[in-house]
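The values are calculated or read from the model by the stated rules, or taken from the named source; none is laboratory data. Bear in mind the structure is a predicted one, so any value in this text is a computation, not a measurement. With ideal geometry, Cβ positions are generated from the backbone for all residues, glycine too; neighbour counts draw on all protein chains shown. Side chains included, ligands, DNA and RNA excluded: accessible areas come from the protein's heavy atoms. Shrake-Rupley method; radii C 1.70, N 1.55, O 1.52, S 1.80 Å.
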Amino acid sequence: MQLQRSSYVNKRERMIMLQVLVLAVCISGIFSFGGGRNSISISSNSVSFVSNNKKSNHVRKINSVILSVSSKNYLGIYKKVQEMHAIDAVRCPLVRETGHGPQRLPSCCDVVATSDNIIDFEMLEDSVLFRTLGPIFSSKECDYLQSAADMYWSSQKNSSCFTYQRKGNSELHTEKLSEPAIKIVNDALYNRIYPLLRSAFKLPNEKRLSIYDSLIIRYNATATSLLNDNIGDTGAGQPLHRDLGMFSINIALSDRNSFKGGGTFFQDFKKVYHPIGRGFGLGHLSSTRHAGAGTTDGVRDILVFFVTASPLMSVESAMRCKGVMNSFSFSSEKCYKAAIDMNPLDSEAWQFFGTSTLDSLPKVTNENLSEVIKLLEKAESLSPNDARVHNNLGLILQKQLPFIESNEDKSKIRSKIE
C-alpha cells in the first residue's frame, strides 16, 4: 500500500481576466513563522510550529470557527484563493444572485428566503445535508432536460472533463444545453434552489450565491459494465471525493423505477441517500466526503449544481487554499498550514499536512514521526470513517516500530496498527 496524498485537477481551463477584484482580507492577528524548515508540535487544544532557524516557539489556539487569515505568511495564498474564487463566482453563465437581485433577471425580483417560495425540506445528519419534500422540477421539465442532454450527446463526441468520471458515464456542462433548457434551469435556480439553500443552511443576507459549475450526469449501468471490466458488480458510479464549492445539490431527472442502486453515499454517516422522487433534490455541504453509489441496472440521470457564496466562506476557502499549490509556487506544507488556519476542522488539511511533512523531513527520527502521527490522529478524530487516514496512520506507525525499544510500547503500537 502507498500513502494516499492529495491531488488537484482543474475541471476546465481558467478564463483569463485582465483585472480581478481582490476582496479585503481581515487580519485578526499577526502570527509569524520563522524561515527555513519547520517542525511541528501539536497538543489536544493547540498547534505549535517551531522554527529551527530562530529557535522560537509560536503557539496558536485552535478555534472552532476562523473567518479570516491570521498569519502574515499566508496572505499571499489567501489573495490567490480570493482571485481564483472571484473568477469562478462569475464564470458560469447561469443566473446568480447580486446585491440588486439575481443577475440576468429583473432587479425587482430579488431572491429572498420566504415561506412563499421555499420548497419543503428535511434536514439530515446534524444539518450537513437535506432532501426536498417537494419537486424542484416537474416531470415534464425533467423530460425536456433529458431530451436536451440526449440531443447534445448525439451531436458530440463525449470526452469527459469531470475529474472523477468512469468510462461509460456521460456528462455535460449545463450551460451547453439549448436556450429553452437553460431557461428552465435558471427559473429553478431563481425561484426555488437559491431560496432553498438559504433557508436550509441559514445563510446570512450579505452572502450572495452563484453557480461555480453545473453538470448533467448519466450513470449507464450497461455501458459501464462493458467498458470497466475491473469494477465487478459495483455499477456505474463515482469514487469518494469532495466537491469544490460551498454547497452541492443534485436533482433526480430519472424515475426511481428506471434503475437499480444509485444515490449518494456519505462517508461520515456510512449511508446512501436518494432524492425522494423524480425532480426532487438532495443537498449537502460540498466539503462532505461522498461518492456516487453504483447504479447496477438501468440508466440514472441527475442534474448537479456546485454553488459558491460571496464573500468567500472559510470552509470553501480552506479547500481552495489546498489547490493553489498546483497553480502557483507555494509549498504544499505551507498551503496545508494555511488551510488549517482558515478551517481547523478540515480533516483532509490535517491529513495532507502530515503526509507532506513526512515527505519533507531531512531525516526520519522517532521524534519527527511522533509529530506526524499526532497530525494524522487529529485528522482521524475529525473524520473517523476516512479509510485513507487509517491507512496512512498504520503505515507511519510501522515506520516508527524500529525506533521503539520497549516491548510494551511496541505492543501498544502494534495494537494501534491492527
FRET E, pair residue 363, residue 176, Förster distance 45 Å, beta-carbon r, rounded to 0.05: 0.30
R0 of 25 Å, Cβ-Cβ distance residue 205-residue 133: FRET efficiency to nearest 0.05: 0.50
Prolate/oblate/rounded call for segment 277-418, Cα gyration tensor, a/c under 1.5 rounded: oblate
Accessible surface of segment 351-418 [probe 1.4 Å, protein heavy atoms]: carbon and sulfur percent: 47
Given charges at Cβ of Lys, Arg, Asp, Glu: segment 261-332 dipole, positive-most of 298, 308, 272: 272
Extension reserve of the residue 143-residue 258 stretch, reckoned as 0.36 nm per residue once the Cα distance is removed: 40.1 nm
Estimated FRET transfer efficiency (residue 407, residue 241; beta-carbon r; R0 45 Å; 0.05): 0.60
Euclidean distance of C-alpha centroids, segment 298-361 and segment 237-260, integer Å: 21
